[in-house]
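Taking it in order: structure first as structure tokens, then the write-up.
The values are calculated or read from the model by the stated rules, or taken from the named source; none is laboratory data. Computed from a predicted model, the values in this text were never measured in an experiment. As a convention, Cβ positions derive from the backbone with ideal geometry for all residues, glycine included, and neighbour counts pool all protein chains shown.
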Amino acid sequence: MRGLAAWMVFTAHAAHLLTPDPAFLKFLWTGVDLFFVISGFVFAPLLLSGGFAIRPYAIRRVFRLYPLYLVSLPLYYLIAPESPDKLLYLLRHLVFLGTTSGAHEAFFFNPAYWSLPVEVEYYLLLPLLALIVAGRLRVVPALFGIFCVVRFGIVLGATPFASPDPNRLSILRVHLPGILIEFLVGVFVYVAHQRWRDSGQRLWPMLAGAGGLALWLSLGLFFARHGDPGIGAHLWLKSYFSLLCAIGYGLMLFGLLGLLGGLDGRARQSAFFLGNLSYGVYLFHILVLRLYERSDLALPGALAFIACGLAVLVLALLGYHLIEHPARTFGRRLASHREPTQAPILSRERGWGEGELKRHG
């Protein structure tokens, strides 16, 4: 699913190569919302653990996110246009503060970078959220409701993020206060899957998946017809369009988990292959598209799309094998030496096991 999300974002940004009127293909930018749902799902065991060792967790997160990002950022710096603020933007991006002043800085190097600060904020907040939830599942819907209200208030008072001087609410809209609810959708999916996976019933997952697909298609068709102006014309839609996309993805994810069960053989290998390369695809695809646009190549639309996709794939493969995988392995090894001798506090409601926490953390 991570691999699918990454290639959806690539397709949204490369849609102009395929057709002068991409319409529905542009809607695939919502693959970012799928990323948020997946992160919520993956870290749900930690959120529900009641507390966990922060040092090894932080080490794993740093070595997961930073190395490949630090390789990609100088590459974007080299091809970025000249600006008196260019160096300042670079320094702020190094510490994931590139989305704190407006769209010009956020999209200056790589538009896809905008979602990384939100992920980092979620990682930073997760230990506190785990203490707040303290293994009590009923607290999660309460948090969801609170931040739904927060999201509405933010959107109600926010100026356009792309304006020359966006207000603070506009900045908060693209940070965790405005997006936490999408991560919590992934937590709900995780809890639902834990309760249904051993039941042997497939009807409800099938219905959930079908409902999620119908919701996603409806939102996609609306976006294809009305675009961003259509979303902005309705306050409720403007506030919760991305959340509705996240819910659609969450329902589809729940359905797929129920239907597919455990993959094996080539299907499992393909899933791991796509997932392992997802971060590289996400980081490098804008680089490839910009270099293609600056080149003298004039390939037919579909061929240009395929050529750029292959170039992204090669960069993602190199990045994974040369940088990402070795760094993650080193980070895990380093974190294992910081693991506590005593097991973390576990949820009293679900009894999350230590092994399960480690696999997801």
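A search for C-beta distances below 7 Å between a residue of region 282-307 that is in contact (Cβ under 8 Å) with a residue 12 or more places away in the chain and of a type in the set (Val, Ile, Thr) and any residue that is surrounded by 15 or more Cβ atoms within 10 Å (Cβ to Cβ) and part of a helix (DSSP H, G or I), counting only pairs 6+ apart in sequence or on different chains, returns ILE286/HIS13; ILE286/ALA112; VAL288/CYS308; VAL288/ALA311; VAL288/VAL312; VAL288/LEU315. Say whether the condition of being surrounded by fewer than 15 Cβ atoms within 10 Å (Cβ to Cβ) and either out of contact with any Cys (no Cβ under 9 Å at 6 or more places or on another chain) or in a helix (DSSP H, G or I) (or both) is met by at least one residue in region 272-287. Looking for residues that are surrounded by fewer than 15 Cβ atoms within 10 Å (Cβ to Cβ) and either out of contact with any Cys (no Cβ under 9 Å at 6 or more places or on another chain) or in a helix (DSSP H, G or I) (or both), one finds at least one in region 272-287, hence yes. Against the definition (at pLDDT 95 or above and surrounded by 19 or more Cβ atoms within 10 Å (Cβ to Cβ)), how does LEU169 come out, yes or no? Considered against the rule, which asks whether it is at pLDDT 95 or above and surrounded by 19 or more Cβ atoms within 10 Å (Cβ to Cβ), LEU169 comes out as no. Can you confirm whether PHE147 is buried (at least 16 other Cβ atoms within 10 Å of the Cβ), more than 27 Å from PHE24 (Cα to Cα) and either touching a residue at least 60 places away in the same chain (Cβ under 8 Å) or in contact with a Phe, Trp or Tyr (Cβ under 7 Å, 6 or more places away or on another chain) (or both)? It is false that PHE147 is buried (at least 16 other Cβ atoms within 10 Å of the Cβ), more than 27 Å from PHE24 (Cα to Cα) and either touching a residue at least 60 places away in the same chain (Cβ under 8 Å) or in contact with a Phe, Trp or Tyr (Cβ under 7 Å, 6 or more places away or on another chain) (or both). Taking the criterion of being at pLDDT 70 or above and over 15 Å from LEU277 (Cα atoms), the residues of region 313-353 that qualify are THR329, PHE330, GLY331, ARG332, ARG333, LEU334, ALA335, SER336, HIS337, ARG338, GLU339.
Restricting region 228-252 to residues that are touching a residue at least 60 places away in the same chain (Cβ under 8 Å) and among the small types (Gly, Ala, Ser), the residue that is surrounded by the most Cβ atoms within 10 Å (Cβ to Cβ) is GLY250. The set of residues in region 14-49 being in contact (Cβ under 8 Å) with a residue 24 or more places away in the chain, surrounded by fewer than 20 Cβ atoms within 10 Å (Cβ to Cβ) and of a type outside the set (Ser, Thr, Tyr) consists of LEU18, ALA23, PHE24, LYS26, VAL42.
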